[in-house]
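The values are calculated or read from the model by the stated rules, or taken from the named source; none is laboratory data. For clarity, every value in this text was computed on a predicted model and none was experimentally measured. When we count neighbours, we look across all protein chains shown, and the Cβ atoms used for this are built from the backbone with ideal geometry, even at glycine. When the accessible area is computed, the model is the full protein with side chains, heavy atoms only, and any ligands, DNA or RNA have been set aside. Shrake-Rupley method; radii C 1.70, N 1.55, O 1.52, S 1.80 Å.
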Amino acid sequence: MDEIELSADEVRRLQLRAQGLLGARRGGVPGVLESLGAVQLDTISVLARSHELVPYARLGPVGRDAVEAAYWGDGAGFEYWAHAASVLPIDEWPLFAFRRRAFRERGWRWHKVPEGVCDQVRDRLRADGPLTTKELGGAKAGGEWWDWSDHKIAIEWLLDIGEVVCVRRVGWRRVYDLAERAVPSDLLDREPDDAECLRRLVARAGRALGVGTRADLADYYRIRTDQVDAAAAGLVPVRVEGWKQAAWADPEALARPVRGRHATTLLSPFDSLVWDRARTSRVFGFDHRLEAYVPKAKRVHGYFAMPLLSGGRLLGRVDPAREGGTLVARQVSFEPWAVRSAARTERTVAALRAALWRAASWVGCDAVRVERCDLPGIAGALAADTP
């Protein structure tokens with residue numbers, strides 16, 4: 001069988017569809033979680049928290065209650081280490097057996113667990129769970145890993161090895177319960193070997209990306225590149241225009257023509273469409289970097305710059321904030337090609353205006369204000385709710 005050749009444009013469209021940003025969006029928030037396989041969590045909240053922004057980008061103005069219910073309700077999901085800390089569909093529980101075993105074999109993560117404390121935590125959860133660290137009696141005012149209390153060390157270790165599960169978050173605190181109570185028995189009892197775990201995770205990464213290199217597939221669930229066997233995962237080799245690396249594709253994605261409507265939206269910097277910086281640059285020609293942890297004076301695009309997606313392209317960035325009932329665009333910057341001509345500029349400005357006002361409506365704002373923009377003279381047009 002000859003190797004399949006794909007253009008850069010075909011790969012871009014395949015990824016957009018795989019990520020739920022092109023074509024029909026089915027299944028609501030549960031469908032988003034299932035199709036993506038992982039939704040990254042983060043402490044930063046600007047317009048909303050990142051795990052809320054991900055379904056919003058794909059579905060529009062979904063309510064916070066619907067998001068929380070889809071992630072945590074009736075044991076639908078759990079939190080674990082995937083692409084950083086992530087919400088995962090509960091059916092992925094067995095697939096992380098390889099990671100839980102690796103923690104056990106190592107014997108510790110950042111701290112040695114004090115003797116006897118794990119037994120205390122197990123007993124409390126069995127009697128009173130689900131509980132937060134504070135309710136377990138072990139929280140400290142600080143939250144850095146090197147300043148954890150003994151109870152915090154113990155509960156996080158039990159989470160790492162799969163004896164407890166984060167079943168939801170309340171006030172951004174993890175709520176823990178015993179795995180024997182939180183995970184359905186048919187999933188809890190399944191312990192696939194490492195090869196099966198990795199094979200199935202690579203297959204799920206391929207489905208979520210559409211097309212990927214070995215490094216792309218590894219990054220999705222943060223496994224090692226030498227653990228990626230794309231052929232064993234059922235992916236097919238392809239050659240992509242302009243890519244130096246070998247690539248593989250989801251055969252089901254290749255079998256269906258890509259068609260449908262593109263989403264116009266602002267994306268969380270932690271959205272799985274853009275969380276891999278090298279891939280985002282390769283697929284979209286867009287250099288994406290979160291600057292929240294960069295000193296203010298050195299920021300180029302702003303604290304929480306959100307990429308603007310429209311027409312299947314990443315057109316620029318907005319650094320948003322809220323002031324009462326106003327959505328404030330602290331800084332707006334466009335990709336040079338997106339404003340290269342009058343016609344392109346008009347389309348780009350219209351897309352950003354639509355994205356700003358949709359976001360404003362979603363978070364309960366009735367006005368938009370633009371503070372800085374790298375394209376002179378259009379702040380007023382962006383702030384207008386009609387063209």
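Details
Residues checked against (1) free of Cβ contacts under 8 Å to residues at least 12 places away in the same chain; (2) β-branched (V, I, T); (3) within 30 Å of A249 (Cβ to Cβ):
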| site | (1), (2), (3) |
| --- | --- |
| I153 | no, yes, no |
| E156 | no, no, no |
| L159 | no, no, no |
| E163 | no, no, no |
| V170 | no, yes, no |
| R181 | no, no, no |
| R200 | no, no, yes |
| L209 | no, no, yes |
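- Figure legend. Inter-residue proximity from the stretch 365-381: first residues within 21 Å of E346 (Cβ to Cβ), second residues open to solvent by 90 Å² or more (accessible area, probe 1.4 Å) and among the acidic types (D, E), beta-carbon distance below 9 Å, spacing 6+ or different chains. Indicated pairs: V368/D385.
- Residue, nearest to I90 (Cα to Cα), within the stretch 139-165, restricted to residues that are touching an Asp or Glu at 6+ places or on another chain (Cβ under 8 Å) and at pLDDT below 85: W148
- Residues that are under 30 Å from G37 (Cα atoms), among the hydrophobic types (A, V, I, L, M, F, W, C), surrounded by fewer than 19 Cβ atoms within 10 Å (Cβ to Cβ) and modelled with pLDDT of 90 or more within the stretch 97-138 comprise A97, A102, F103, listed in sequence order.
- The stretch 78-92, residues that are touching an Asp or Glu at 6+ places or on another chain (Cβ under 9 Å) and either outside any helix (DSSP H, G or I) or of a type outside the set (D, E, K, R) (or both): F78, Y80, W81, A82, H83, A84, A85, S86, V87, L88, P89
- Just one of the listed residues (R347, R322) is of a type outside the set (A, V, I, L, M, F, W, C), within 15 Å of R369 (Cα to Cα) and surrounded by fewer than 23 Cβ atoms within 10 Å (Cβ to Cβ), and it is R322.
- No other residue among R174, R168, R204 is modelled with pLDDT under 95 and closer than 21 Å to V32 by Cβ apart from R168.
- Residues within the stretch 73-84 that are within 26 Å of D276 (Cα to Cα) and not aliphatic (A, V, I, L, M), tallied: 6
- When residues of the stretch 1-58 are limited to those that are of a type in the set (K, R) and outside any helix (DSSP H, G or I), the one least open to solvent (accessible area, probe 1.4 Å): R49
- The residue that is farthest from A292 (Cα to Cα), among those in the stretch 350-374 that are of a type in the set (A, V, I, L, M, F, W, C) and surrounded by fewer than 18 Cβ atoms within 10 Å (Cβ to Cβ), is A350.
- Test: V328 is closer than 25 Å to R347 by Cβ, surrounded by 15 or more Cβ atoms within 10 Å (Cβ to Cβ) and either among the polar types (S, T, N, Q) or over 23 Å from the mean Cα position of the chain (by Cα) (or both): yes
- Candidate set from the stretch 288-313 (those that are modelled with pLDDT of 95 or more and more than 22 Å from R369 (Cα to Cα)); member that is least open to solvent (accessible area, probe 1.4 Å): G312
- Hits in the stretch 251-264 (condition: open to solvent by 20 Å² or more (accessible area, probe 1.4 Å) and not in a helix (DSSP H, G or I)): R256, P257, V258, R259, G260, R261, H262, T264
- Qualifying residues in the stretch 59-77 (those that are touching a residue at least 60 places away in the same chain (Cβ under 8 Å) and assigned to a helix (DSSP H, G or I)) - the one nearest to the chain's Cα centre (by Cα): Y71
- Applying the criterion of at least 2 residues that are of a type in the set (D, E, K, R) and at negative phi to the helices (runs of 4 or more DSSP H) found wholly in the stretch 273-387 leaves 277-284, 342-362.
- W248 satisfies every condition listed in (1) within 27 Å of A338 (Cβ to Cβ); (2) crowded, with 22+ Cβ neighbours inside 10 Å except (1).
- Leading residue by the ranking (modelled with the lowest pLDDT) among those in the stretch 81-92 that are open to solvent by less than 10 Å² (accessible area, probe 1.4 Å) and in contact with a helix residue (DSSP H, G or I) (Cβ under 7 Å, 6 or more places away or on another chain): H83
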